[in-house]
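**Q** A single structure is presented below for examination.
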Amino acid sequence: MLAFVIQRVAQSALVLLIVGLVAFSMFRFVGDPIDNMLGQERTQADIERLRTTLGLDQPFPVQYYKFLANAAQGNFGVSYRQGRPVSDILMERAPATLELAAVSGFLAISIGIGLGVFTAIRRDGFAANAIMSISLIGVSLPTFLIGILLIYLFSVELGWLPSFGRGDTVQLGGWSTGFLTKSGLLALILPSITLGLYQMTLIMRLVRSEMLEVLRQDYIRFARARGLRERTVNFRHALKNTLVPVITVTGLQLGSIIAFAIITETVFQWPGVGLLFINAIQFVDIPVMAAYLMLISVMFVGINLIVDLLYFTIDPRLRVDRTKAH
Amino acid sequence: MSDPILSIRDLTVEIPTRHGILRPVDSVSYDIAAGEILGVVGESGAGKSMAGNAVIGLLNPPAHIAQGEIRLKGQRIDQLTGNAMRRLRGKEIGMVFQDPLTSLNPLLQIGDQLTETMLAHLDISRDEAQKRAIAALEEVGIPGAADRVDSYPHEFSGGMRQRVVIALALCAEPSLIIADEPTTALDVSVQAQIIALLKRLCRDRGTAVMLITHDMGVIAETADRVAVMYAGKLAELGPVRDVLTEPRHPYTKGLMGSTPLASKGKARLHQIPGAMPQLDALPDGCAFHPRCPRAEGKCRANPAPTLAAHDNRAACWFPLDPKGGA
Amino acid sequence: MVDTSPPQALKTEERSTFRVAMDSDFVYRFKNSPVAIVATAVVMLMVLCAVFAPLIAPHNPFDPSSLNLMNGFSAPMTPNAFTGDTFWLGTDDQGRDVFSTILYGMRISLFVGAAAVLFAMVLGVTLGLIAGYVGGWTETIIMRIADVQLTFPAILVAMLIFGVAKGITPVEYRDQMAIWVLIIAIGLSDWVQFARVVRGATLVEKNKEYVQAARLIGRGSGAIMLRHILPNVLSPVLVIATISLALAIIAEATLSFLGVGAPPTQPSLGTLIRIGQGFLFSGEWWILLFPAVTLLVLALSVNLLGDWLRDALNPRLR
């Protein structure tokens with residue numbers, strides 16, 4: 001068990017180091033930081049001074065190490081475009097994205113698993129087939145189109161829900177939340193559906209196919225042959241076995257939600273880190289891009305790690321095999 | 001003779017396909033009395049397992065019973081609705097599958113799988129079920145049953161798992177057990193133990209057994225009567241001693257000749273020329289005639305005679321002489 | 001599954017008969033799937049429209065001389081108030097015929113999608129073959145990179161590559177290079193699937209006797225990979241390529257919509273939707289709706305085709 005955890009943590013750290021290297025290379029080699037930070041009127045002395053302050057005169061590994069050390073302390077330098085520390089900007093923006101992602105993730109998982117199980121059990125029913133057909137459209141429908149469609153329907157035509165922004169927010173310490181005001185909650189509805197829908201269809205289709213696979217297994221036939229109730233067979237025997245592979249993919253999907261938030265945030269002008277990132281790409285604001293990359297990597301790697309450990313607690317076979325193997 | 005536990009009359013299973021209707025089981029009739037073991041032999045695809053699945057009501061659609069009747073203790077069960085049939089499964093008809101590695105749910109402790117089966121059929125408390133679960137495991141020869149009841153299937157060897165499977169099949173005291181190739185997936189050294197266990201338990205309880213196998217050796221050691229199937233039809237039916245020593249159907253004789261046990265001492269094994277035909281390409285007349293050394297015009301023109309349940313004879317136009325001819 | 005081909009046919013000419021049997025089964029399934037037929041027809045029609053866009057389109061939206069600003073905001077099928085010109089699907093703010101921009105936009109969308117998938121396929125298949133066949137350190141490095149990349153969603157990888165490439169490209173070339181940068185970005189974000197499947201199949205094939213035999217008679221590694229192993233992995237590669245095409249088209253549209261893809265001078269369907277979204281509240285719905293529907297139909301048809309192909313070519317995946 002311990003060996004497994006250590007191995008996983010080591011792997012995660014390695015991934016982060018590689019991503020850090022990519023982020024640092026971007027930072028260091030894409031565009032000239034000096035050019036970007038100093039205006040037209042600069043002297044050679046200014047350049048030299050900045051070069052020393054930024055540490056650009058030092059050897060590459062030293063620079064990389066310093067970059068990582070700074071990043072670990074949340075110091076990602078100064079945005080070329082806004083001229084403020086990147087970490088401050090990110091901190092302002094993070095709550096918006098995290099709240100949106102949390103609501104979407106919850107919708108995607110709960111509805112996705114529910115519909116997946118339903119369509120697997122009633123595989124030949126009319127409702128199940130209808131849901132499957134609609135879901136294929138859902139997979140083909142790009143996220144931004146769903147958003148536009150929802151805006152058109154609920155904001156332009158019906159005028160029920162806001163089409164952009166977060167509504168009113170309340171400051172709780174350093175965290176600005178939209179959960180506590182009516183306009184904040186209303187503003188969450190369309191973006192969270194937009195963001196969650198694609199993941200929901202994916203989870204649903206995955207749960208369905210895994211469940212159908214499990215329902216074909218011998219132990220399900222044996223459970224039936226023992227005269228267990230259909231409900232017991234489906235939920236106690238089949239669903240539990242279905243969830244083992246589903247958890248991995250679902251975990252990764254949760255990571256994607258944060259990445260896909262970029263699209264939703266652009267459609268709804270949601271003031272989160274995704275919108276920040278898109279603007280950074282448009283204006284080649286490298287420090288912000290690098291910081292976003294590092295931040296999202298930490299999240300992804302963290303989620304992966306949690307998923308692995310969760311896998312471990314659910315499947316008793318792994319508990320034995322893994323510890324034996326190492 | 002008292003009423004048989006299981007009585008099959010004229011049972012026909014059909015599968016509609018795009019190449020026409022297949023009949024994996026065609027007009028099969030036989031009885032099994034209390035405490036009796038009927039061995040059902042034949043090559044793979046001969047319809048032995050399909051008949052077993054039809055009896056326990058677990059045919060996979062689109063396979064279905066097209067004709068005939070199945071009676072359990074005199075009551076028709078082939079027309080029961082889903083829930084009524086489910087109550088019979090496990091309670092009145094138990095089943096043992098071929099592969100113990102896949103018949104147990106890997107994520108549930110074996111004790112839980114036992115108690116859930118008992119609680120589904122018997123009106124007993126959870127504590128009582130737990131006690132009986134331990135007793136059932138002791139009965140099938142699991143050492144340290146009280147400790148092992150909380151173990152997961154992967155913590156047992158193949159032979160031990162098949163013992164657990166037998167305990168599961170018998171835990172609600174059914175009057176009929178369908179054992180579908182119960183030893184095929186096991187090591188040779190374990191096979192005899194499992195067969196002996198199954199035989200002892202069923203004798204003790206007066207349980208009727210349908211033992212499906214392709215292994216003539218197992219039949220010889222275990223069965224009271226034997227039913228030989230070929231291409232969906234019953235080829236020969238009779239007491240095991242008669243059928244083994246004086247086979248009347250040329251196919252049975254060929255089958256005996258190709259089993260090492262029955263041909264002990266002979267220089268080499270006989271082989272039946274050719275292979276059993278696919279169900280969608282059955283020859284006209286008797287299905288066996290292309291491979292039969294005794295085939296004549298009548299065999300090519302007319303389907304073999306259908307066996308009635310108590311006939312101690314072969315479904316053949318030119319049966320072998322009982323006094324050991326040919 | 002029961003082999004249904006007549007046995008005597010097999011004897012006469014084994015390999016080709018086997019192929020015919022397989023093909024006919026494939027054709028049989030195709031003929032019996034209205035979804036597959038319709039999807040194929042739609043995809044082919046759209047590809048033809050895209051290829052022959054300059055011939056079909058009533059206007060060339062990129063030729064400023066053919067545009068008349070007075071024609072701006074013409075509603076579909078309604079004569080323009082100033083010029084009296086009628087446009088099937090209306091015009092945008094600059095008087096460009098929406099139907100024509102869609103045809104040209106589809107051209108760019110399909111070109112970027114197909115080129116990106118081709119790039120991903122060549123890269124993925126090559127790396128997969130090498131990883132599977134050579135093994136050792138080469139394999140470890142290739143598959144580790146694949147694993148790390150797979151941790152991140154393709155669209156994010158594509159955005160990053162696009163952003164970096166944009167940073168490297170001199171400002172004056174950025175618009176010209178955008179399409180190619182897009183192709184490389186989407187292609188690089190999508191090679192992993194190909195590499196994984198091909199590596200898996202290669203590992204299976206390379207230990208088979210015919211490959212060992214080819215090696216014994218002195219065939220080179222390259223020849224063995226191309227002649228013996230590659231043909232065995234073509235059908236899964238085809239399935240992945242089709243599904244990837246749908247994903248690549250959507251990815252391109254998404255990036256362009258976000259403003260980090262095809263530039264307004266060379267608008268793809270995504271760029272058109274980005275432009276159209278601006279007119280959503282002012283009532284010119286057609287500028288947005290028609291490109292959006294076109295994108296949806298295109299993505300859906302390719303997806304349906306991919307789904308069907310996967311079922312038809314590989315029943316186990318169902």
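**Q** For segment A:149-184, which residues satisfy the criterion of being within 14 Å of chain C (Cβ to nearest Cβ), free of Cβ contacts under 8 Å to residues at least 60 places away in the same chain and either in a helix (DSSP H, G or I) or among the basic types (Lys, Arg) (or both)?
**A** The answer is A:LEU149, A:LEU150, A:TYR152, A:LEU153, A:PHE154, A:SER155, A:VAL156, A:GLU157.
**Q** So, in segment C:271-297, how many residues would count as being under 25 Å from C:MET177 (Cα atoms), in contact with a helix residue (DSSP H, G or I) (Cβ under 6 Å, 6 or more places away or on another chain) and more than 8 Å from chain A (Cβ to nearest Cβ)?
**A** Looking only at that region, the number is 5.
**Q** Of C:TRP286, C:TRP308, which residue is in contact (Cβ under 8 Å) with a residue 60 or more places away in the chain, surrounded by 17 or more Cβ atoms within 10 Å (Cβ to Cβ) and within 22 Å of C:THR242 (Cα to Cα)?
**A** Criteria check complete, one pass: C:TRP308.
**Q** So, one more: B:VAL188 versus (1) buried (at least 23 other Cβ atoms within 10 Å of the Cβ); (2) not assigned by the TED database to the domain that holds B:THR117: which is the lone unmet condition?
**A** Every condition holds for B:VAL188 apart from (1).
**Q** OK, next. Going through segment B:204-262 one residue at a time, which ones are free of Cβ contacts under 8 Å to residues at least 40 places away in the same chain and of a type in the set (A, V, I, L, M)?
**A** B:VAL243, B:LEU244
**Q** Out of all the residues in segment C:199-210, is one or more closer than 30 Å to C:ILE108 by Cα, touching a Gly at 6+ places or on another chain (Cβ under 6 Å) and not polar (S, T, N, Q)?
**A** Checked against the condition, which is being closer than 30 Å to C:ILE108 by Cα, touching a Gly at 6+ places or on another chain (Cβ under 6 Å) and not polar (S, T, N, Q), segment C:199-210 yields no hits at all.
**Q** Give the residues of segment B:155-205 that are modelled with pLDDT under 85, under 19 Å from B:PRO143 (Cβ atoms) and not in a helix (DSSP H, G or I), sorted by residue number.
**A** B:LEU186, B:ASP187
**Q** Restricting attention to segment B:148-158, does a residue exist that is among the basic types (Lys, Arg) and surrounded by fewer than 22 Cβ atoms within 10 Å (Cβ to Cβ)?
**A** yes
**Q** Given the criterion over 28 Å from A:VAL307 (Cα atoms) and not hydroxyl-bearing (Ser, Thr, Tyr), identify the matching residue among C:LEU160, C:LEU188, C:LEU182, C:LEU150.
**A** C:LEU182
**Q** Which ranges mark the strands (runs of 3 or more DSSP E) fully within segment B:15-120 that have 3 or more residues being away from chain A (no Cβ under 11 Å) and surrounded by 19 or more Cβ atoms within 10 Å (Cβ to Cβ)?
**A** Filter on segment B:15-120 gives B:20-32, B:37-41.
**Q** Still on this structure, please answer the following. So which of A:THR248, A:THR232, A:THR242, A:THR264 is among the hydroxyl-bearing types (Ser, Thr, Tyr), more than 12 Å from chain B (Cβ to nearest Cβ) and farther than 30 Å from A:THR169 by Cβ?
**A** Answer to the selection: A:THR248.
**Q** For segment A:249-272, which residues satisfy the criterion of being hydrophobic (A, V, I, L, M, F, W, C) and either touching a residue at least 60 places away in the same chain (Cβ under 8 Å) or not assigned by the TED database to the domain that holds A:PHE106 (or both)?
**A** Residues satisfying the conditions are A:LEU254, A:ILE257, A:ILE258, A:PHE260, A:ALA261, A:ILE263, A:VAL267, A:PHE268, A:TRP270.
Yes/no per residue for (1) part of a loop (DSSP other than H, G, I, E, B); (2) among the acidic types (Asp, Glu); (3) modelled with pLDDT under 80; (4) surrounded by fewer than 18 Cβ atoms within 10 Å (Cβ to Cβ):
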| site | (1), (2), (3), (4) |
| --- | --- |
| B:ILE219 | no, no, no, no |
| B:TYR251 | no, no, no, no |
| B:SER263 | yes, no, yes, yes |
| B:ALA267 | yes, no, yes, yes |
| B:PRO273 | yes, no, yes, yes |
| B:ARG300 | no, no, yes, yes |
| B:PRO305 | yes, no, yes, yes |
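**Q** Follow-up question, since we're still on this one. Which residue out of A:GLY196, A:GLY255, A:GLY274 is more than 12 Å from chain B (Cβ to nearest Cβ), out of contact with any strand residue (DSSP E or B) (no Cβ under 9 Å at 6 or more places or on another chain), buried (at least 23 other Cβ atoms within 10 Å of the Cβ) and over 30 Å from A:SER25 (Cβ atoms)?
**A** When all the criteria are applied, what remains is A:GLY196.
**Q** Take segment A:120-138 and flag every residue that is loosely packed, with under 14 Cβ neighbours inside 10 Å and closer than 18 Å to C:ASP307 by Cα.
**A** Selection gives A:ASN129, A:ALA130, A:SER133, A:ILE134.
Let's see how each residue does on (1) crowded, with 22+ Cβ neighbours inside 10 Å; (2) in contact (Cβ under 8 Å) with a residue 24 or more places away in the chain:
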site	(1), (2)
C:LEU103	yes, yes
C:VAL122	no, no
C:VAL134	no, yes
C:MET159	yes, yes
C:VAL164	yes, no
C:THR169	no, no
C:GLN176	no, no
C:SER189	yes, yes
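The values are calculated or read from the model by the stated rules, or taken from the named source; none is laboratory data. The model shown is predicted, which means the values in this text are computed figures rather than measured ones. FYI the Cβ positions are ideal-geometry reconstructions off the backbone, even for glycines, and counts take in every protein chain you see.
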